[in-house]
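A.B. asks: What follows is a single structure, and I will ask about it in a moment.
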Amino acid sequence: MKAVIAVIATVVLLLLLVAWMKVSVTIVFRHRQDDDEAKIVVRTLFGLLRYTVRIPLIKVDMDPDAPGVAFLHKKGMGGTRGKEEKRGTVTPQKIADLFRQLKRFLEQVVDLHEIMKQFYRHVTITKWEWKTRIGTGDAASTGLLVGLGWSLKYMIIGAASRCMNMKTTPAVAVMPAYDRTASETMFLCMIHFRIGHAMVAGWRVIKHWRGRQPPKRNPLAAKQANEGY
């Protein structure tokens, strides 16, 4: 009996420890002309565990039969060892399928917006850098794009700070290139949250999943309802 209690206490203690642990997510996006690269690094267990996903976009495939974006996808644990490498092409059909799956998921989870809103309250933003260089070769249109860029960035920062805890001063810049065509941006964001809060959010998503089997109806009650009783 004592052994069973000890095992249960150990399991509960481990679950509490895992729930208390923090997860650090670093999002990096770089764009320079036609070269894009996105990287997401997830760290936990005080930085001892790290998982990296890199998605550099190589080129735009202009084939009229199968247009798309060719990419090299690398993901794995830790450094360079154990990396899984995958090459492929993102086509408009794949993008449309992805949006259909996302729409189906949003429709199947009841109150998903409220669930994510409560989870975001426990997310802390500790780093935010977003620097952009824009140029069209024309001073007037470049100035217009720079103004739109500033407005867009402040709108996104405002929305992020309302949903999450912004614990840093965002480093934002939109630099004009009046004498040439330029399209460059670098975005870096670091967020933290506890595994327990993510577990609670995941449990609430499962609990509010609309795709679950509906409860069985009482045949007698169904018969009376059809007869107008």
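A.B. asks: Give the long-range amide H neighbours of MET21: residues separated by 5 or more places, or on another chain, with amide H under 5 Å away, using H modelled in the peptide plane at 1.01 Å from N.
C.D. replies: It is ILE195, GLY196, by chain and number.
A.B. asks: Mind grabbing the accessible area of LYS167 for me, 1.4 Å probe, Å², rounded to tens?
C.D. replies: Ignoring ligands and nucleic acids, LYS167 comes out at about 150 Å².
A.B. asks: In the stretch 96-140, what GluC sites (Glu not before Pro) fall in a loop by DSSP, with at most 11 other Cβ atoms inside 10 Å?
C.D. replies: Counting only loop positions with at most 11 other Cβ atoms within 10 Å, none of the GluC sites (Glu not before Pro) in the stretch 96-140 qualifies.
A.B. asks: Going by average Cβ neighbours within 10 Å, how do the peptides 8-16, 21-29 rank, with the highest at the top? Please list the in-between numbers first.
C.D. replies: On the way: 8-16: 10.4, 21-29: 15.9.
Descending packing order for the listed peptides: 21-29, 8-16.
A.B. asks: Note down the accessible area of TYR51, probe 1.4 Å, to the nearest 10 Å².
C.D. replies: 80
A.B. asks: Just to verify a number: what accessible area does ASP35 come out at with the full protein assembly present, 1.4 Å probe, Å² rounded to tens?
C.D. replies: Near enough 90 Å² of accessible area.
A.B. asks: Would you mind checking the pairs LYS39/LYS117; LYS39/LYS94; LYS131/LYS167; LYS131/LYS207 and listing those with alpha carbons more than 29 angstrom apart? Working shown, then result.
C.D. replies: Values: LYS39/LYS117 25 Å; LYS39/LYS94 21 Å; LYS131/LYS167 19 Å; LYS131/LYS207 41 Å.
Over 29 Å Cα-Cα: LYS131/LYS207.
The values are calculated or read from the model by the stated rules, or taken from the named source; none is laboratory data. Values in this document were obtained by computation on a predicted structure and should not be read as measured data. Because the Cβ atoms are built from the backbone with ideal geometry, glycine has one as well, and the counts that use them run over all protein chains shown. Heads up: the accessible areas ignore ligands, DNA and RNA and are worked out on the full protein's heavy atoms, side chains in. Shrake-Rupley method; radii C 1.70, N 1.55, O 1.52, S 1.80 Å.
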